[in-house]
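Heads up, the thing below is written out as structure tokens.
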Amino acid sequence: MVVDIDMPEMNGIEMCEVLKGSGRGLPTILITGKSDARTRSLAAQSEAVAVLFKPFEEDPLLDAIASALALSTRP
């Protein structure tokens with residue numbers, strides 16, 4: 001799942017926690033346009049496969065997707 005950290009009502013990290021708590025957790029890639037200390041701290045505490053700061057290049061996104069897919073196919 002690719003999700004933006006900064007969303008209305010529930011941020012991307014909170015959404016991942018809700019999904020995880022419901023038993024529907026997915027390998028997650030977080031993206032954000034913010035690089036302030038609060039956002040970096042939240043991202044570091046998450047269990048995301050990767051955190052990408054906008055603007056980002058195509059290759060880091062593709063690498064993160066490959067890592068997430070590898071995790072999702074583990075037994």
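Some points to look at:
- Listed values for the stretch 45-56 are Karplus-derived 3J(HN,Hα) couplings in whole Hz (6.51 cos²θ - 1.76 cosθ + 1.60, θ = phi - 60°), namely 7, 6, 9, 5, 5, 7, 10, 10, 9, 6, x, 10, and x replaces Gly and Pro.
- Neighbours of L52 by Cβ distance under 14 Å: Lys/Arg scored +1, Asp/Glu scored -1, total -3.
- For I31, the residues whose amide H sits under 5 Å from its own are V3, D4, I5, L52, ignoring neighbours fewer than 5 places away on the same chain, with H placed 1.01 Å from N.
- Across the accessible surface of the chain, with the other protein chains kept in place and a 1.4 Å probe, carbon and sulfur atoms take up 56 percent.
- Rg over Rh for the chain works out to 0.96, using Cα positions for both radii and the Kirkwood form for Rh.
The values are calculated or read from the model by the stated rules, or taken from the named source; none is laboratory data. Just so it is clear, the structure is predicted and the values come from calculations on it, not from any experiment. Heads up, the Cβs are rebuilt from the backbone with ideal geometry, glycines too, and the neighbour counts pull from every protein chain shown. Ligands, DNA and RNA are stripped out before the accessible areas are found, and what is left, the full protein with its side chains, is counted by its heavy atoms. Shrake-Rupley method; radii C 1.70, N 1.55, O 1.52, S 1.80 Å.
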